[in-house]
Amino acid sequence: MLANRSAGLRARVAHQVCTVRPAAALPASRPTPGKFGRSQGAKTNAISARALSTTSSLRNSNAEFSRERELGAKEETNDVTTTDRLLKESRKRADSAHQVVPIRSRILWSEALMRQSMPPSTADPDTSRPNRIPPDVPRNMHDSYCELLLPFASSPELLEQYTNASGGIRTGMLLEHLDSLAGGIAYKHMLGPGVEVLSKDQGFYIVTASVDRLDMLAPLYPVRDMRLSGQVIHTGRSSMEVAVRMEALEKDGREQTIMLGRFFMVCRDARTHKAAPVNPLSLTTAEDKQLFALGETHKDRRRARTSAALDRVPPTSSEAEELHSLYLQYGNYGTSTGKSENEPFVGPDGLQRVWMGDTRLEKCMMMFPQERNVHQKIFGGYLMRLAYELGFANAELFTGCHVLFVSLDGISFAKPVPIGSILRLTSHILHTTQSEKFPGLIHVVVQANVVDVATGKEQTTNDFRFTWCTDHNIPVTRKVVPKTYKEAMLWLEGRRALEMGAEIRTLRYAAGGPGIHGTEPVKKSDDAADGENRVGGGWRDAEEQQ
């Protein structure tokens, strides 16, 4: 069945690529058209019309695009449920030790600097490398299983290290742990189940290429022990897909999956930095074959998303109409009245207009060696935490209230971040929406750029996408409006992400999933501790408040 789904998905991708004319899209290198909020004459209007127009074949694809989103949401929901079940079965066959391979650098930074200054033949002799099993030898899927226990309920000292200002758990730190766990799992797959530490000279290194969406599946409480676990579920020639889970462990022995995500890892040769082969998987059980088939489906789905991305094909006609309606209601203000476009303006829906560019929030940081990984670059999980915390702050500033984490909608890792570089993290609010369960949903992008001090040029290294919701069901009173064509495409990307998330959550509610939504206003008693009624970075189950 999964194989048929993969074939069907490839056919739909091919059909979509054939029916869309990429020439109508705005190339990344083309100068940005005029701003939404300004009248620039007939010539500019003609350019904007051509940029936002779509071909007749694309107009006819609106229904198909909607069906693809619904189908993608169903497949994602089913895949998460299936993966969760299969990982539980696979854990029973794994080594009881479950040791985690640390991927932080074990050598002193002074030693690393000395080794970098030495000739390769001296600094990295072949004789110092471990006896790695040849990359063509298959590995058992469960041999890569690792888990990390965080005993928050039984260790107040540990909980104190993770507690945020609202009394909840710092979700950014948990995401950092998940990335570290995924890296350790990938190394364990390559080096064998008996590996405990990584040697100085592996001959290869593994990096995170991307992270698929990761949703909150159940409430996150700081009073329960947490178990982070995962294993390799799919391999390609030089890539691996690692599935990770976060579970809450009740005192009575019950377990509840809180989050489940997928990390796409790639292997590189330590000398040439080109693709290096990874060990294939030996599929010995029905569960292994199902997990591997899911990995094939996820690979096809990544290709489908890439093919349908707005930097490759133009928006659908319904999306173009939505942008035009937004322009008429919000962007055209001031053109005919003579008022400044920067004056406060409330639209017909009662929401205050905020230009997307005005939601910018950034921070610059020096990258120190204390946050390096085994191949002497900045640890990806650390970047995830920094991006999460900046996006969280931006969402709170935009809404004016406390926000709760809903989902990680995707991360791409384009380039490594060197130690000693200056990192610029820039965040924007891309889109907001509301529903019956969520009066305020906010989609945020955080872009990480490495700045060349000598030239001032920047290179994008990472792109992070997050969704938060307002706490206590506080509605959003502001509306993000793009000015440029590039911002309009980002606005549509945020809209697509929120629509996909809404489809997924609707399906999970229909299937009897936990009641995950913003908290109702709760009256705090006089003797309640500060933050007791907050979940801070997590969720509260609706049943708890009834």
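The values are calculated or read from the model by the stated rules, or taken from the named source; none is laboratory data. This is a predicted model, so every value here is computed, not measured. Cβ placement follows ideal geometry from the backbone for every residue including glycine, while neighbour counts extend to all protein chains displayed. For accessibility, only protein heavy atoms count, side chains too; no ligands or nucleic acids. Shrake-Rupley method; radii C 1.70, N 1.55, O 1.52, S 1.80 Å.
When the stretch 220-233 is examined, which residues are found to be open to solvent by 10 Å² or more (accessible area, probe 1.4 Å) and part of a strand (DSSP E or B)? Within the stretch 220-233, D225, R227 qualify. Against the list (1) more than 30 Å from L326 (Cα to Cα); (2) crowded, with 22+ Cβ neighbours inside 10 Å, the condition P369 fails is (2). Tell me, please, whether a residue that is surrounded by fewer than 22 Cβ atoms within 10 Å (Cβ to Cβ), over 17 Å from V406 (Cα atoms) and in contact with a helix residue (DSSP H, G or I) (Cβ under 9 Å, 6 or more places away or on another chain) can be found in the stretch 211-218. There is no residue in the stretch 211-218 that is surrounded by fewer than 22 Cβ atoms within 10 Å (Cβ to Cβ), over 17 Å from V406 (Cα atoms) and in contact with a helix residue (DSSP H, G or I) (Cβ under 9 Å, 6 or more places away or on another chain).
The one condition from (1) buried (at least 22 other Cβ atoms within 10 Å of the Cβ); (2) at pLDDT 90 or above that I169 does not meet is (2). Going through (1) acidic (D, E); (2) more than 30 Å from E70 (Cβ to Cβ); (3) surrounded by 15 or more Cβ atoms within 10 Å (Cβ to Cβ) one by one, E322 falls short only on (2). Across the stretch 282-308, the qualifying residues are those that are assigned to a loop (DSSP other than H, G, I, E, B) and modelled with pLDDT of 90 or more, and the one among them that is nearest to R262 (Cα to Cα) is L283.
Within this structure, L361 fails the test of being touching a residue at least 12 places away in the same chain (Cβ under 8 Å), more than 25 Å from L492 (Cα to Cα), open to solvent by less than 70 Å² (accessible area, probe 1.4 Å) and among the hydrophobic types (A, V, I, L, M, F, W, C).
Scanning the stretch 479-503 for residues that are hydroxyl-bearing (S, T, Y) and open to solvent by 20 Å² or more (accessible area, probe 1.4 Å) gives a single hit, T484. Residue count for the stretch 394-407 under the criterion of being in a helix (DSSP H, G or I) and over 12 Å from T426 (Cα atoms): the result is 5. Comparison of H142, H189 shows that the only residue that is part of a helix (DSSP H, G or I) and open to solvent by 10 Å² or more (accessible area, probe 1.4 Å) is H142. Look at (1) modelled with pLDDT of 95 or more; (2) of a type in the set (A, V, I, L, M, F, W, C); (3) surrounded by fewer than 20 Cβ atoms within 10 Å (Cβ to Cβ) and you find that A243 fails only one, number (3). I'd like the residue in the stretch 431-442 that is under 11 Å from F398 (Cβ atoms) and out of contact with any Pro (no Cβ under 8 Å at 6 or more places or on another chain) and, out of all such residues, is surrounded by the fewest Cβ atoms within 10 Å (Cβ to Cβ). Only one residue tops the list, namely T432. Against the numbered list (1) charged (D, E, K, R); (2) touching a residue at least 40 places away in the same chain (Cβ under 8 Å); (3) closer than 30 Å to F152 by Cα, R271 comes up short only at (3). Looking across G494, G420, G410, one residue alone is on the phi > 0 side of the Ramachandran plot and within 21 Å of the chain's Cα centre (by Cα). It is G410.
For the stretch 260-299, filtered to residues that are closer than 15 Å to R213 by Cα and not aliphatic (A, V, I, L, M), the residue that is surrounded by the fewest Cβ atoms within 10 Å (Cβ to Cβ) is K299. The set of residues in the stretch 450-478 being surrounded by 20 or more Cβ atoms within 10 Å (Cβ to Cβ) and in a strand (DSSP E or B) consists of V450, T461, N462, F464, R465, F466, T467, W468, C469, T470.
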